[in-house]
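First up is the structure itself, then whatever we jot down about it.
The values are calculated or read from the model by the stated rules, or taken from the named source; none is laboratory data. Keep in mind that this is a model prediction, so the values were computed, not measured. Counting neighbours? That spans all protein chains shown, and the Cβs are built from the backbone with ideal geometry, glycine included.
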């Protein structure tokens with residue numbers, strides 16, 4: 001498990017190395033919620049995923065991404081909002097070993 005640092009802005013895109021994978025993450029707020037795109041070595045793995053508290057982002061091994069992401073509300077049970085990113089709402093990268101067998 002690893003915390004991925006975020007800042008409380010409505011839209012951000014950044015590169016990060018996770019489990020020897022070159023990743024680009026985009027996290028952005030819309031009127032209907034917060035969404036996330038995951039790129040692996042420049043290729044979109046999954047895009048436009050609605051971010052919800054403790055609900056995995058990638059979810060599927062066949063996409064070729066090792067591990068997964070979840071947002072965690074550190075003060076309750078709300079879905080993430082950009083105003084609390086990095087403080088109340090934390091993005092966590094789950095390594096394959098952190099996931100149930102066959103899901104990471």
(request) Give the number of residues within segment 73-87 that are loosely packed, with under 14 Cβ neighbours inside 10 Å and free of Cβ contacts under 8 Å to residues at least 40 places away in the same chain. (result) 5
(message) If residue 17 meets every condition in (1) out of contact with any strand residue (DSSP E or B) (no Cβ under 6 Å at 6 or more places or on another chain); (2) assigned to a loop (DSSP other than H, G, I, E, B) apart from one, which number is that one?
(response) (2)
(message) Suppose we keep only residues that are on the phi > 0 side of the Ramachandran plot and modelled with pLDDT under 95 within segment 45-104. Which one would you say is farthest from the chain's Cα centre (by Cα)?
(response) 102
(message) Can you tell me how many residues within segment 60-72 are in a loop (DSSP other than H, G, I, E, B) and touching a residue at least 40 places away in the same chain (Cβ under 8 Å)?
(response) 3
(message) Go through segment 31-59 and report how many residues are loosely packed, with under 12 Cβ neighbours inside 10 Å and in a strand (DSSP E or B).
(response) 3
(request) Please work out if residue 7 is in a strand (DSSP E or B), surrounded by fewer than 17 Cβ atoms within 10 Å (Cβ to Cβ) and modelled with pLDDT of 95 or more. (result) no
